[in-house]
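A quick write-up on the structure given underneath.
The values are calculated or read from the model by the stated rules, or taken from the named source; none is laboratory data. Keep in mind that what you see is a predicted model, and the values were worked out from it rather than measured. Quick reminder, even Gly has a Cβ in these numbers, built from the backbone with ideal geometry, and neighbours come from all protein chains shown. To get the accessible areas, we keep the full protein, side chains included, count just its heavy atoms, and leave off ligands, DNA and RNA. Shrake-Rupley method; radii C 1.70, N 1.55, O 1.52, S 1.80 Å.
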Amino acid sequence: MLRKVSAVVLGGVLVAAALAACGGQERGGGSGTGSGAGKDDGQIVMGFSQVGAESGWRTANTKSIQESAEAAGIKLQFSDAQQKQENQIKAIRSFISQKVDIIAFSPVVESGWDTVLKEAKDAGIPVILTDRAVDSPDKTLYKTFIGSDFVVEGQKAGEWVKQEFASASGPVNMVELQGNTGAAPAIDRKEGFASVIGSDPKFKMLASQPGDFTRVKGKEVMEAFLRANPDIDLLYAHNDDMGLGAIEAIEAAGKKPGTDIKIVTVDAVKDGMQALADGKINFIVECSPLLGPQLMDLAKKVVAGETVPERVLTEETTFTQEQAKSALPDRKY
Ligand code: GYE
């Protein structure tokens, strides 16, 4: 048993702690569907609860996690929550009853996780947060959090807008398409952007509404924005997909995206980069979905009882239209 072996390696007080935390020898009995098989040959079993399949980013993220698990020899129990917190809570409870070795998940919203995370902790199953954070004050409920700094992403978008409109006398009329309500990237990208732009009275936020990170909703909300506001100068969309949906709405309204209405988005997935290269988007702040390899490394360390950093930050850049043209041929997602 992998857990027993790693516990023996540890020594002293840590052994007792590790055994207590892992539920000791009763774990890995091979009961339950699927997970038992891996444990018997020492393979780590990871339960992963994904947000859904709402965007190009998410699809690339799922692929990265599935491929990296396979490459790392980790058995993945993958569950798609279809953007619903209740489904994620159910999946996590099911992972606990299957006695997986480790749980990883990307929380659809920030709040409301304390109870289920406590259940995992009491069962001795470590948890890794990937991509999105939770707002639980108790940091012992999870081992580490791997993902981007969404506030910084919002700030980068804001800095670009400030520069782009530096010589405009104003007002600069802006609209914002937010991610799904309560999600860490929606809260933080809004906050980061406002922290840069907010203090300058030249910039006016006419409307800011959730587009749920999807193309369909991005289009729908942008249509409403356009009906209510004849004079929009800039759209800030919290992801490429909503920006791409909005482009359709802008074109249908007889306006030129990227020219009549400037557009800044976050993610830099292929379709977004193509629209950027085509001049329909003006600037993209990158957010990398390729979290799989690091997640699997961290999972192995956590299961082996090694200490891991509390926070693992993703590295990312930004793209102008020119930069998108040269980056596109090698873009992986
Ligand atoms: O930006 C968006 C996706 O949590 C970083 O979720 C992720 C965000 C990403 O739906 O496209």
(message) Using the basic label-point model (7 angstrom from Cα toward the beta carbon), what is the Lys204 to Lys270 distance in nanometres?
(response) 4.1
(request) Averaging over all projection directions, find the projected area of the Cα convex hull of the chain and quote it in nm² with one decimal place. (result) 17.3
(message) Using only the heavy atoms of the protein chains and a 1.4 Å probe, how would Ser169, Ser68 rank by accessible area, largest first?
(response) Ser169, Ser68
(request) Please calculate the 1.4 Å probe accessible area of Val100, with all protein chains present, and give it to the nearest 10 Å². (result) 0
(request) Quick one: pull the percent of accessible area on the chain belonging to carbon and sulfur, 1.4 Å probe, ligands and nucleic acids left out. (result) 52
(message) Quick check for me: using +1 on Lys/Arg Cβ and -1 on Asp/Glu Cβ, what's the dipole size of the chain about its Cα centre, in debye to the nearest 20?
(response) 600
(request) Starting from the amide H of Asn180, placed 1.01 Å from N in the peptide plane, find each other amide H under 5 Å away whose residue is 5 or more places distant or on another chain. (result) Asp212, Phe213
(request) Check the straight Cα-Cα distances from Lys255 and name the aspartates and glutamates below 13 Å, setting aside those fewer than 8 residues away within the same chain. (result) Glu223, Asp231, Asp233
(message) Quick check for you: with a 1.4 Å probe and neighbouring chains kept, what is the accessible area per residue of the chain, in Å²?
(response) 43
(message) Keeping all protein chains in the complex and leaving out DNA, RNA and ligands, what accessible area do you get for Val216 with a 1.4 Å probe, in Å² to the nearest 10?
(response) 110
(message) Residue by residue through region 259-266, what is 3J(HN,Hα) from phi via Karplus (6.51 cos²θ - 1.76 cosθ + 1.60, θ = phi - 60°)? Round to whole Hz and write x for glycine and proline.
(response) 10, 5, 10, 6, 10, 10, 10, 10
(request) May I ask which of Lys99/Lys301; Lys75/Lys121; Lys84/Lys325; Lys219/Lys280; Lys143/Lys217 have a Cα-Cα span longer than 26 Å here? (result) Lys84/Lys325; Lys143/Lys217
(message) Once you order the gyration tensor axes a ≥ b ≥ c over the Cα atoms, which shape class does region 150-287 get: rounded for a/c under 1.5, otherwise prolate or oblate by comparing a/b with b/c?
(response) rounded
(message) Along the Cα→Cβ direction, 7 angstrom out, place labels at Ser111 and Lys255. What is the inter-label distance in nm?
(response) 3.3
(message) Could you compute how much accessible surface Asp135 exposes when probed at 1.4 Å, giving the result in Å² to the nearest 10?
(response) 70
(message) Quick check on region 60-114: take the gyration tensor over C-alpha atoms, sort the square-rooted eigenvalues as a ≥ b ≥ c, and tell me if it's rounded (a/c under 1.5), prolate or oblate.
(response) oblate
(request) Would you rank Met174, Met205 by solvent-accessible area, highest first, keeping every protein chain in place and using a 1.4 Å probe? (result) Met205, Met174
